[in-house]
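*Asks:* My questions all concern the structure below.
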């Protein structure tokens, strides 16, 4: 069955490449027929030239078909292996970059298509080159693309809460900014349940996006941590005495490159405290004069102090 399918594919590819070669030969012959050396005196020589120039590229297309098929199969294998390490976000961004590259290529190809004989091939070349460039550029800027295009509406619907942008001057209320590590840690849920947190618990949108990216990871452990963090957000919102707000401030707006930088900048603007379990974030924020509530420090402080003789 597979051998029969392989032969069918071989025939189809050979036919297509032969047709493409013949078309290329026809266009070349059409161009050359207008030159001075083209034999115009005898019809037989004119027809022979047309036949030879069309037949040679067609035959070349037929002969290189096996190499073309092997190359396509090899590319397919590489592509399949690459897909195994790709997340759905990588695929989405790659496809988006390819589409943008092809759109730009076709816009640029419009004026070039009027060039006799060469316009068609220049358009194909532009599509290949700019499609590839668009794909690579978008993959390199994946985090920014995901942050820009991810729908906050989906997150709001999922968490049953409308987003809010807190004004910098509206800081009479005590804000606590939750970072990704604190949500994944999950102990913040128990702390909130017993009423140890006053004021509003604020979760920036870029923290939710990072959680979502972790939850979509191909690594099982990271995926489990990300999903636990998302579940903690949902459970926090269900607590009757805890006010949870999703903030719409983006990393671009905060002029930050990473989630930690965004949290620090947002805490400065809102005069908020950061709740985290991340040692490095704790140190950096403290150095910059911010108040940090480290869940690990709280856990250590709550360990019972035993006097001699107690167990």
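Derivation of every value follows stated rules applied to the coordinates shown; laboratory data play no part. Note that the structure is a prediction, hence the values are computed from the model and not measured. Every residue, glycine as well, gets a Cβ built from its backbone with ideal geometry; the counts of neighbours run over all protein chains shown.
*Asks:* Would you mind ranking 37, 45, 50 by Cβ crowding within 10 Å, fewest neighbours first?
*Replies:* Numbers: 37 6, 45 12, 50 17.
The most exposed by this proxy come first: 37, 45, 50.
*Asks:* Beta carbons within 10 angstrom, averaged per residue: use that to sort the peptides 27-36, 283-292, highest first.
*Replies:* 283-292, 27-36
*Asks:* On alpha carbon coordinates alone, what is the Rg over Rh value for region 152-301, Rh being the Kirkwood radius?
*Replies:* 0.93
*Asks:* Could you sort the peptides 233-243, 68-78 by per-residue average Cβ neighbour count (10 Å cutoff), highest mean leading?
*Replies:* Details: 233-243: 14.3, 68-78: 11.4.
Ranked from most to least packed, the peptides come out as 233-243, 68-78.
*Asks:* Points 7 angstrom from Cα along the Cβ direction at residue 190 and residue 113: gap in nanometres?
*Replies:* A separation of 6.6 nm, rounded to one decimal place.
*Asks:* If packing is taken as the average number of other Cβ atoms within 10 Å across a peptide's residues, how do 122-130, 269-277 rank, most packed first? Don't jump to the answer; show the numbers that get you there.
*Replies:* Values: 122-130: 15.6, 269-277: 20.9.
Ranked by mean Cβ neighbours within 10 Å, highest first: 269-277, 122-130.
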